[in-house]
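Data block below; observations after.
The values are calculated or read from the model by the stated rules, or taken from the named source; none is laboratory data. Since the structure is predicted, the reported quantities are computational estimates derived from the model, not experimental observations. Here the Cβ positions follow ideal geometry from the backbone for every residue, glycine too, while neighbour counts run over all protein chains shown.
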Amino acid sequence: MTTGHHLDNRTFHVITFGCQMNKHDSERIVGMLESYGARQVQSVEESEIVIFMTCCVRAAAETRLKGHVASLKNIPLPEGSTLDQRIIAIGGCIGQNEAGALIDELPHVSAVFGTFNLSSVPELLAQALETHSPAVEVLEAADEFPTCLPSHREVPWSAWLPISIGCNNFCTYCIVPYVRGREKSRTLEDITAEAQTLVDQGVKEITLLGQNVNSYGRDLYGEPRFADLLKAVSDTGIERLRFATSHPKDLTDEVIAAFRDLPNVMPALHLPVQSGSNRILDKMNRRYTREHYLGIVNKLREACPNIALSTDIIVGFPGETEQDFQDTYDLIDEIGYHQVFTFIYSPREGTPAAELTQDTPREVIQERFDRLVNLVQAKAYDANQVDVGARIPVLIEGVSKRDSSILAGKSPKNQTVHAPIPEGTDLDELLGTIVEVEVDEAKTWYLKGHII
Ligand code: 5AD
Ligand code: SF4
């Protein structure tokens with residue numbers, strides 16, 4: 001089949017749910033389809049092909065996806081299209097998890113692909129266009145790290161750089177190891193070379209991506225080499241270097257030292273703790289204790305006193321008592337995070353925790369969740385106050401959603417920073433540049449200032 005011929009000049013729109021890895025996978029899909037002559041458009045209405053990149057970490061994401069897909073049925077094709085119906089494709093983690101069953105449930109879906117076969121997407125779409133019957137391909141595992149696919153970055157100044165895929169940890173609530181497979185690392189040379197290319201292209205910020213970046217390299221080198229990798233990527237001269245996600249059990253002293261020793265490693269770390277109760281951490285198979293976690297936080301703050309920490313919390317894990325929840329609440333209070341992503345536990349079929357009985361009533365869990373969110377907001381507000389009066393370098397990313405005369409960008413600590421566009425300055429000249437901002441006011445979720 002001549003894939004290019006079928007895709008040439010077709011319009012497509014990608015809708016992405018879930019984590020940064022999915023967002024990056026979407027960039028690869030856009031890059032590939034463009035290389036076949038297809039055109040990316042920004043809405044379903046303008047598109048002949050809609051691709052959903054999906055997440056199955058929690059049930060809510062799945063329900064939302066199915067509603068969203070069903071609602072497309074009533075949206076007509078763009079004027080002038082030669083198709084008799086829109087091609088709808090589902091990929092990512094739900095594609096991997098449900099495969100052909102999705103077609104039975106959503107008969108107007110034309111293609112399904114999983115997390116291991118991004119490179120087949122153009123061919124699957126071409127097949128669906130040609131044969132008018134559903135094309136499904138879901139592989140069990142990747143043969144090798146998919147590094148050579150083209151990518152279309154959403155913004156020219158920031159890049160995601162995958163260093164590993166998959167996860168070996170099997171936290172008992174988590175479906176990721178089942179849909180993303182075992183951890184597979186890219187070689188150090190390969191990653192460093194891509195980082196260098198990005199720097200040469202003028203990229204200002206690189207975020208290294210992996211389900212657990214701290215165990216990077218264990219499969220290739222017999223031991224984690226993440227600290228070495230950080231040093232090598234730092235040496236490319238990239239202005240800002242970030243990474244996600246870190247598992248506390250694998251965060252080494254060498255990686256902690258990088259926050260002190262490598263000036264381009266930004267002072268921000270996402271370090272999911274999930275719970276502050278040792279009993280629950282054990283049931284989650286997290287393999288660290290509250291005390292160990294607090295020890296790491298101390299070391300991080302010694303190495304980098306102004307580091308901004310963020311975390312993930314699951315409320316209502318099966319068997320969570322009021323005391324367990326209180327332990328989590330107290331931990332959040334004690335650490336004082338800049339940002340906490342709070343989730344209500346959602347049982348995922350096939351994971352060990354899904355077999356546990358949930359004896360806490362829904363209202364009790366909701367009430368705990370609300371209590372925690374209030375604390376998170378108060379602590380985030382407090383954490384931001386230390387920056388009032390400071391002068392900070394801000395990477396300009398766009399304008400405020402509410403007011404297009406206000407610039408929006410990111411501080412080294414990854415806070416959103418707003419500042420009025422200086423008179424006589426063109427927004428386009430500022431996009432992707434780093435400017436000095438003096439902070440006048442700190443809110444819960446952003447800082448307000450002015451460009452110096
Ligand atoms: N239920 C609720 N939250 C979950 N997470 C992962 N699995 C589940 C689940 N079954 C959360 C964890 C993880 C984040 C990405 O999603 O907090 O860190
Ligand atoms: Fe899921 Fe745990 Fe792996 Fe994170 S470390 S992806 S929570 S299994």
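Before moving on, here are some points about what is shown:
- Any hit, region 214-223, residues being part of a loop (DSSP other than H, G, I, E, B), within 14 Å of ligand 2 (Cβ to nearest atom) and either farther than 30 Å from Ala99 by Cβ or in contact with a Leu (Cβ under 9 Å, 6 or more places away or on another chain) (or both): yes
- Test: Ser185 is within 16 Å of ligand 2 (Cβ to nearest atom) and either surrounded by 19 or more Cβ atoms within 10 Å (Cβ to Cβ) or in the same structural domain as Lys23 (by TED's automatic domain parsing) (or both): yes
- Of all residues in region 179-188, one or more are within 16 Å of ligand 1 (Cβ to nearest atom), within 24 Å of Phe343 (Cβ to Cβ), touching a residue at least 60 places away in the same chain (Cβ under 8 Å) and not polar (S, T, N, Q).
- If you filter region 263-274 down to residues that are farther than 12 Å from Pro248 by Cα and surrounded by 15 or more Cβ atoms within 10 Å (Cβ to Cβ), you find that the one that is nearest to ligand 1 (Cβ to nearest atom) is Ala268.
- Close Cβ contacts (under 6 Å, 6 or more residues apart or on different chains) running from residues in region 200-212 that are within 12 Å of Ile163 (Cα to Cα) and within 16 Å of ligand 2 (Cβ to nearest atom) to residues that are assigned to a strand (DSSP E or B) and not aliphatic (A, V, I, L, M) comprise Leu208/Phe243; Leu209/Trp160; Leu209/Pro162; Gly210/Ser164.
- The set of residues in region 43-76 being closer than 25 Å to Val315 by Cα, of a type in the set (Ser, Thr, Tyr) and surrounded by fewer than 22 Cβ atoms within 10 Å (Cβ to Cβ) consists of Thr63 alone.
- Considering region 275-289, and only residues there that are within 14 Å of ligand 1 (Cβ to nearest atom) and polar (S, T, N, Q), the residue that is surrounded by the fewest Cβ atoms within 10 Å (Cβ to Cβ) turns out to be Asn285.
- Scope region 230-254; condition within 18 Å of Pro412 (Cβ to Cβ), within 16 Å of ligand 2 (Cβ to nearest atom) and assigned to a helix (DSSP H, G or I); matching residues: none
- Qualifying residue in region 246-260 (condition: touching a residue at least 24 places away in the same chain (Cβ under 8 Å), among the β-branched types (Val, Ile, Thr), out of contact with any Pro (no Cβ under 8 Å at 6 or more places or on another chain) and not assigned by TED's automatic domain parsing to the domain that holds Leu375): yes
- The requirement of being touching a helix residue (DSSP H, G or I) at 6+ places or on another chain (Cβ under 9 Å), surrounded by fewer than 16 Cβ atoms within 10 Å (Cβ to Cβ) and touching a residue at least 60 places away in the same chain (Cβ under 8 Å) is fulfilled nowhere in region 26-33; no residue meets it.
- Checking each residue in region 380-425 for being crowded, with 18+ Cβ neighbours inside 10 Å and acidic (Asp, Glu) picks out Asp387, Glu397.
- Taken together, the residues in region 291-326 that are within 16 Å of ligand 1 (Cβ to nearest atom), in a helix (DSSP H, G or I) and not hydrophobic (A, V, I, L, M, F, W, C) amount to 2.
- For region 161-180, the set of residues classified as in a loop (DSSP other than H, G, I, E, B) and either within 11 Å of ligand 2 (Cβ to nearest atom) or outside the structural domain of Pro224 (by TED's automatic domain parsing) (or both) consists of Gly166, Cys167, Asn168, Asn169, Phe170, Cys171, Thr172, Tyr173, Cys174, Ile175, listed by residue number.
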